[in-house]
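A short write-up of the structure that comes next.
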């Protein structure tokens, strides 16, 4: 600490102004980074409940359609396309894409939709992972509330 005080005492006004300018620039960058982080956090918090409701609606619709899988295969494909679009929205959210297991569910849905041999077991696996994702979104949302 004493060496820092001695160094500052030896500084001229030119050096002190340059040092103060650099410290100000550093603080400005830190504040900008933190504001950006807070903005993404609030954006996720605002959208998370709506996205969870949409995923839960997808889950309940697919459960109903699974009762007669053979005749509802096309409708299940349509619902999976909607869920895939919802997952892509979530993947574009910086706070969500890092902490939530979105890639696995997204690839499962893409594989199912691109495959000619569709099975009820694959849909049930997608449905199970979708329920897990809803629970993780809710948990992540609660964690973000406590971080503030």
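Derivation of every value follows stated rules applied to the coordinates shown; laboratory data play no part. As the structure is a prediction and not an experimental result, all values here were calculated from the model. Heads up, the Cβs are rebuilt from the backbone with ideal geometry, glycines too, and the neighbour counts pull from every protein chain shown.
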- Output the residues belonging to segment 125-142 that are within 14 Å of residue 54 (Cβ to Cβ) and either under 12 Å from the mean Cα position of the chain (by Cα) or surrounded by 15 or more Cβ atoms within 10 Å (Cβ to Cβ) (or both). 130, 133, 134, 137, 138
- Kindly provide the set of residues from segment 29-53 that are buried (at least 16 other Cβ atoms within 10 Å of the Cβ) and under 30 Å from residue 119 (Cα atoms), ordered by number. 51, 52
- Note on the structure: Of the residues in segment 103-123 that are outside any helix (DSSP H, G or I) and free of Cβ contacts under 8 Å to residues at least 12 places away in the same chain, the one that is nearest to residue 133 (Cα to Cα) is 119
- Message: If residue 145 meets every condition in (1) loosely packed, with under 12 Cβ neighbours inside 10 Å; (2) assigned to a helix (DSSP H, G or I); (3) without any contact (Cβ under 8 Å) to a residue 40 or more places away in the chain apart from one, which number is that one?
- Response: (3)
